[in-house]
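Q: My questions will all concern the structure given below.
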2 protein chains.
Amino acid sequence: MHFGDQLAEQVQLKKSAVCVGLDPRWPSLPAAIRGTIDVKNPVAVAAATQCYCQEVIDAVAAKAAIIKPQSAFFEQLGPLGMQVLAAIIVHARKRGLLVLLDGKRGDIGSTAEGYANAYLGVDSPWQCDALTVNPYLGDDTLEPFVKAAQSQDAGVFVLVKTSNPGSGFLQDAAVAGGQTIYQRVAELVEKQSMATLGSSNYGSVGAVVGATYPEQLQELRGMMPHAWILIPGYGAQGGTAADVAHGFDSRGLGAIVNSSRGIIFAYTLPQYAQLAWQDAVSAATTDMAHQLNEACG
Amino acid sequence: MHFGDQLAEQVQLKKSAVCVGLDPRWPSLPAAIRGTIDVKNPVAVAAATQCYCQEVIDAVAAKAAIIKPQSAFFEQLGPLGMQVLAAIIVHARKRGLLVLLDGKRGDIGSTAEGYANAYLGVDSPWQCDALTVNPYLGDDTLEPFVKAAQSQDAGVFVLVKTSNPGSGFLQDAAVAGGQTIYQRVAELVEKQSMATLGSSNYGSVGAVVGATYPEQLQELRGMMPHAWILIPGYGAQGGTAADVAHGFDSRGLGAIVNSSRGIIFAYTLPQYAQLAWQDAVSAATTDMAHQLNEACG
């Protein structure tokens, strides 16, 4: 089924635009998971990380629209971490969750095809539903990913305006005609959304726009009426529900809002401290979905 | 030892600025390696790919300054491919080769740190000498990689002007003051080269500039006098020895020139067709080193 439509279905079914970011940083994992494992024992660390991710997935499966494993934290565990990544993707899909791999991949020609084949489509060994991609190398380098969206029902999220303090370095640069770089990328994304349009009136090629830049988010929602927007930067990075409200359309669609630390490490927050860690993760997902629904309702 | 100095040492020792790109596309591997293996048997494909990469490494170890595995082609083989990647990195280092992983990674804050920790430094599970990185997310996102260059003797190559036809989409955009985006990135790279300067008068933070844009290569050599330049696009993509000559300084240093298909699949070229495939790979490396030395001598 068309990715953009599947995402709309998930958001409506679960009444939740929450994207749970799976960033399994070892020192932040629950004490019950880390136990007495020596951080220098890679097999034990990988096994415990897999256990943790699967329990997080179980806790959020009914309440999150999508999950977003952050590739870096699995790559950091070496080849064993990549086995864990594959295993938790299978687990999430069995639980009915869409999986967006946050890999921010990008390369040229047949190498970009390699990344598209690696992560997207029925013959892919990783079997992700969607992938984040980086546009710096040029519009031609996004084509294999758009093709996967068209022929393999895959989803693609192109970096447009990222949530970090230094994102303006290139993205805000004003080019000829007064347009900024992020606007130039947004124009391309809207074009590709239209080229992959579904019955939800959204395409399968979307954009990444940080919650920490609410004015740009509002502007970009207007510029890309057919593009799903993945909004990182909520919570720990400073973005509020009022900030991200700009990303939604009048139906409450069009945006998914990511929280990583605020959900997967919710057991470290005072308001959830008395709960079992899995219950804290679950409660934080519920609470975030409510906050988004109230702000966008 | 400082990465930029190690690279200078390798180029001088081997009289070769050749970077061998390891892009193990299954259909292009020698018939002797592919044998009767079913492409749908991932274990057999991974094992044969590892065997092929190790034989390529053995064939070029004495003649290449550095090798550059392309991460996409290992990721495409799934978790098994990532085991192969780890194994061939160990193999290359045992053969005395520097290893530059072409992953074009980039992310924000602690995620960028995750990538730096994953691939660079003494505690990294992958143990690469250097990594290619993407600057789109901003100058702040390069800091963890620069830190790894400073404290872990790692190397970093930042995408500046890539070799593909569409690289101008963002990279050539003229920003305020008439500067292009690639020039803005080049200024940052030169600053970071200076911040990581070695006794070779080159830093450990370098740039990627395509052979297919010789004018820009000449300009960028001038703008980044202390940065190693990784030059892709030689051979199969159309770049010639005369084109890449612009990337070198008067000592014959400052650039490494990548060839992937032209070396690792040299057995498919008429001039090497009568050789055993390993000898074809070896001869192509020798020939390319000579071509570069003649053009830059």
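The values are calculated or read from the model by the stated rules, or taken from the named source; none is laboratory data. What you see is a predicted model, and the numbers here were worked out from it, not measured in a lab. Neighbour counts run over all protein chains shown; Cβ positions are idealised from the backbone, glycine included.
Q: Restricting attention to helices (runs of 4 or more DSSP H) lying wholly within region A:193-293, give those where 3 or more residues are at pLDDT below 95, among the aromatic types (Phe, Trp, Tyr) and touching a helix residue (DSSP H, G or I) at 6+ places or on another chain (Cβ under 7 Å).
A: In region A:193-293, no matching helices (runs of 4 or more DSSP H) lie anywhere.
Condition check ((1) without any contact (Cβ under 8 Å) to a residue 40 or more places away in the chain; (2) at negative phi; (3) surrounded by 15 or more Cβ atoms within 10 Å (Cβ to Cβ)) across all residues:
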site: B:233; (1), (2), (3): no, no, yes
site: B:243; (1), (2), (3): yes, yes, yes
site: B:248; (1), (2), (3): no, yes, yes
site: B:251; (1), (2), (3): yes, yes, no
site: B:273; (1), (2), (3): yes, yes, no
site: B:276; (1), (2), (3): yes, yes, no
site: B:292; (1), (2), (3): no, yes, yes
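Q: Take region A:1-30 and flag every residue that is within 14 Å of chain B (Cβ to nearest Cβ) and either at positive phi or in a helix (DSSP H, G or I) (or both).
A: A:26, A:27, A:28
Q: Any idea how many residues of region B:256-283 are under 30 Å from residue B:205 (Cβ atoms) and out of contact with any Cys (no Cβ under 7 Å at 6 or more places or on another chain)?
A: 6
Q: If I filter region B:124-137 for residues that are more than 25 Å from residue A:125 (Cα to Cα) and more than 9 Å from chain A (Cβ to nearest Cβ), do I get at least one hit?
A: The answer is yes, given that some residue of region B:124-137 is more than 25 Å from residue A:125 (Cα to Cα) and more than 9 Å from chain A (Cβ to nearest Cβ).
Q: Restricting attention to region A:90-111, and to residues there that are more than 9 Å from chain B (Cβ to nearest Cβ) and crowded, with 24+ Cβ neighbours inside 10 Å, which single residue is farthest from residue A:233 (Cα to Cα)?
A: By that ranking, first place goes to A:92.
Q: Scan region A:47-73 residue by residue and report those that are crowded, with 24+ Cβ neighbours inside 10 Å, of a type in the set (A, V, I, L, M, F, W, C) and more than 15 Å from the chain's Cα centre (by Cα).
A: A:53, A:56, A:59
Q: Considering only residues that are more than 7 Å from chain A (Cβ to nearest Cβ) and not hydroxyl-bearing (Ser, Thr, Tyr), which ones fall in region B:67-89? So that I can check it myself, show each step before the final result.
A: Our first condition is that a residue be more than 7 Å from chain A (Cβ to nearest Cβ); within region B:67-89, this holds for B:67-69, B:71, B:74, B:80-81, B:84-85, B:87-89.
Of everything in region B:67-89, those that are more than 7 Å from chain A (Cβ to nearest Cβ) and not hydroxyl-bearing (Ser, Thr, Tyr) turn out to be B:67, B:68, B:69, B:74, B:80, B:81, B:84, B:85, B:87, B:88, B:89.
Q: Does any residue of region B:39-46 turn out to be under 30 Å from residue B:228 (Cβ atoms) and more than 19 Å from the chain's Cα centre (by Cα)?
A: no
Q: Would you mind telling me which numbered condition in (1) more than 21 Å from residue A:111 (Cβ to Cβ); (2) in contact (Cβ under 8 Å) with a residue 60 or more places away in the chain residue B:19 fails?
A: Of (1) more than 21 Å from residue A:111 (Cβ to Cβ); (2) in contact (Cβ under 8 Å) with a residue 60 or more places away in the chain, only one is false for residue B:19: (1).
Q: Just need a number here: residues in region A:173-224 that are over 20 Å from the mean Cα position of the chain (by Cα) and of a type in the set (Ser, Thr, Tyr).
A: So the count comes out to 2.
Q: Within 12 Å of another protein chain (Cβ to nearest Cβ), crowded, with 20+ Cβ neighbours inside 10 Å and without any contact (Cβ under 8 Å) to a residue 60 or more places away in the chain: which single residue out of A:179, A:216, A:237, A:171 fits that description?
A: Result: A:171 is the single residue among A:179, A:216, A:237, A:171 that is within 12 Å of another protein chain (Cβ to nearest Cβ), crowded, with 20+ Cβ neighbours inside 10 Å and without any contact (Cβ under 8 Å) to a residue 60 or more places away in the chain.
Q: I want to confirm something. Restricting to region B:149-192 and keeping residues that are in a helix (DSSP H, G or I) and among the hydroxyl-bearing types (Ser, Thr, Tyr), which single residue is farthest from residue A:143 (Cα to Cα)?
A: B:151
Q: Another question, if that's okay. Counting only residues that are of a type in the set (Asp, Glu), give me the helices (runs of 4 or more DSSP H) lying completely in region A:31-140 with at least 2 of them. Don't jump to the end; show me each part of the working.
A: Numbers: elements: A:31-34, A:42-60, A:71-75, A:78-94, A:109-119.
Output list reads A:42-60.
Q: In region A:115-137, what residues are polar (S, T, N, Q) and either within 16 Å of the chain's Cα centre (by Cα) or buried (at least 24 other Cβ atoms within 10 Å of the Cβ) (or both)? Please lay out each step first, then the result.
A: Within region A:115-137, the subset polar (S, T, N, Q) is A:117, A:124, A:127, A:132, A:134.
Residues satisfying the conditions are A:127, A:132, A:134.
Q: For residue B:164, work out the one condition from (1) away from every other protein chain (no Cβ under 12 Å); (2) touching a residue at least 40 places away in the same chain (Cβ under 8 Å) it doesn't fulfil.
A: Unmet condition: (1).
Q: Quick one: how many residues across region A:138-154 are facing chain B (nearest Cβ under 7 Å) and surrounded by 24 or more Cβ atoms within 10 Å (Cβ to Cβ)?
A: Of the residues in that region, 1 qualify.
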